[in-house]
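Only one structure is covered here, and it is reproduced in the block below.
The values are calculated or read from the model by the stated rules, or taken from the named source; none is laboratory data. Please read all numbers here as calculations on a predicted model, not as lab measurements. Glycine also receives a Cβ, built like all others from the backbone with ideal geometry; neighbour counts cover every protein chain displayed. Ligands, DNA and RNA are stripped out before the accessible areas are found, and what is left, the full protein with its side chains, is counted by its heavy atoms. Shrake-Rupley method; radii C 1.70, N 1.55, O 1.52, S 1.80 Å.
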Amino acid sequence: MALDKVNLRKLLKLFMLKDNLRSTAIRVDALQLMKKQDEGSTPGGDFHVPFWSDAKAHAGGGRDLREATTEQVEKNWRRKGLYPRLTDGFLVWWNEKRRRINEPIATLPSPIKSSHGFVQIEGIVKVENLLSLRIGDDRFQYIYPYFSEKPELTPEAARLGLWLMSKALPELNIADMRILDVLRGLAFGTEEYPLAGNEEEVFELRYRRILKEWRDHFK
């Protein structure tokens, strides 16, 4: 995916990488885009989409995530390393959530997705594929997944992500938003990790630097 129109989780990962690893990741992304432009689109998609679809179905009571994961691995052996670990992490979080909440939890069927544009640097950050929950009669939570093995999500990166979510989805309450580090079963929200107030400045500065380095590969 081009970095001038990028998923939030991918950008957060780039924010947290060490300089040399980030430069390598940016170069690889640019080369992949140039190859795609030369050769046309190729079959594929987000590696994590089938897992997250099953995880949301589990949350909605539609199917058992462990059984679904076994089926996914049987379909594609490349999933056998990461999918079971994602399942373990998700279930640690989900089972703890269910243990602490004595109210009914239901998933919301309508997909929620949006984006936030940075006009001056011509960049767009997408927020999509959330797990949306209704808790009891009048409470909600909107969970955005972070899937990467390394680096693990830090509180600083989570605050930047939560700020971006609030800008992309202004009709929702930021207090209801969470970013879930799926592998580690850890959810970040503003109650435990309140915004520092400089998230807009920091986010745009880091994104600006990444876009400049990425665009330099096309010159």
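Remark: pairs (first residue in the stretch 170-192, closer than 23 Å to Asp54 by Cα and basic (Lys, Arg); second residue open to solvent by 50 Å² or more (accessible area, probe 1.4 Å) and in a loop (DSSP other than H, G, I, E, B); Cβ separation under 8 Å; 6+ apart in sequence or on different chains) = Arg184/Glu152.
All conditions but one from (1) surrounded by fewer than 16 Cβ atoms within 10 Å (Cβ to Cβ); (2) touching a residue at least 24 places away in the same chain (Cβ under 8 Å); (3) in a strand (DSSP E or B) apply to Phe218; the one that does not is (3). Pairing each residue of the stretch 116-137 that is on the phi > 0 side of the Ramachandran plot with any residue that is open to solvent by 10 Å² or more (accessible area, probe 1.4 Å), provided the two are 6+ apart or on different chains, yields C-beta distances under 8 Å for Glu122/Asp4; Asn129/Val49; Asn129/Pro111; Asn129/Lys113; Gly136/Glu103; Gly136/Pro104.
Restricting the first member to the stretch 151-163 and to residues that are within 11 Å of Arg178 (Cα to Cα), and the second to residues that are in a helix (DSSP H, G or I) and among the basic types (Lys, Arg), the beta-carbon pairs closer than 9 Å and six or more apart or on different chains are Gly161/Arg9. Candidates Glu201, Glu171: the one that is out of contact with any Lys or Arg (no Cβ under 7 Å at 6 or more places or on another chain), under 18 Å from Val125 (Cα atoms), outside any loop (DSSP other than H, G, I, E, B) and acidic (Asp, Glu) is Glu201.
Residues that are in a loop (DSSP other than H, G, I, E, B), of a type in the set (Phe, Trp, Tyr) and either closer than 21 Å to Lys56 by Cβ or open to solvent by less than 50 Å² (accessible area, probe 1.4 Å) (or both) do occur in the stretch 144-151.
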